[in-house]
Amino acid sequence: MGVSLTAALVVFCVAVPLATTYRIPLYVAFGGVMLPLSALTFRMAAKDPTGRLMAVIMALVCLLASAALYVGRDQISLNPHRHTVSGDGGSVGSDG
């Protein structure tokens, strides 16, 4: 179970920049990365019962985390910061 939660944490760390860069909802970015990872884990663990259990747990974590991100989507703000630039153009060290 710890491996599945670690994988979800790593996917979340990948999904946040993905969502901010391409301006897609965070739940879509998370589910879009975690679901194929779960499917690949299930495929690689074809005959290993422990691997299949890990893939099922990863799929459950994917569904539950995506649902939680969907429910909290109005509370999540991933807008870039808008910094204002002063009128002097950032002239450092000028006497003028």
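Share of Cα-Cα pairs in the stretch 1-87 beyond 22 Å, in percent? Looking at the stretch 1-87, the distances longer than 22 Å represent 34 percent of pairs. Working note: Karplus 6.51/-1.76/1.60 with θ = phi - 60° gives the stretch 7-23 the couplings 4, 5, 5, 5, 5, 4, 5, 7, 6, 5, x, 5, 5, 6, 5, 9, 6 Hz, where Gly and Pro are set to x. Computed from backbone phi with θ = phi - 60° and the Karplus coefficients 6.51, -1.76 and 1.60, the 3J(HN,Hα) list for the stretch 39-44 is 5, 5, 5, 5, 5, 6 Hz; x is used for glycine and proline. Here residue 46 and residue 10 are evaluated by their C-beta separation; at R0 = 25 Å the FRET efficiency comes out at 0.60.
Residues of the stretch 3-43 with an amide N closer than 18 Å to a point placed 7 Å from the Cα of residue 63 along the Cα-to-Cβ direction: 4-5, 8, 27-28, 30-43.
The convex hull around the C-alpha trace of the stretch 7-52, projected and averaged over every direction, spans 3.2 square nanometres.
Coordinate-derived values only; no laboratory data. Note that this is a predicted model, so its numbers are computed, not measured. Cβ coordinates were reconstructed from backbone atoms using ideal geometry, including for glycine residues, and neighbour counts include every protein chain displayed.
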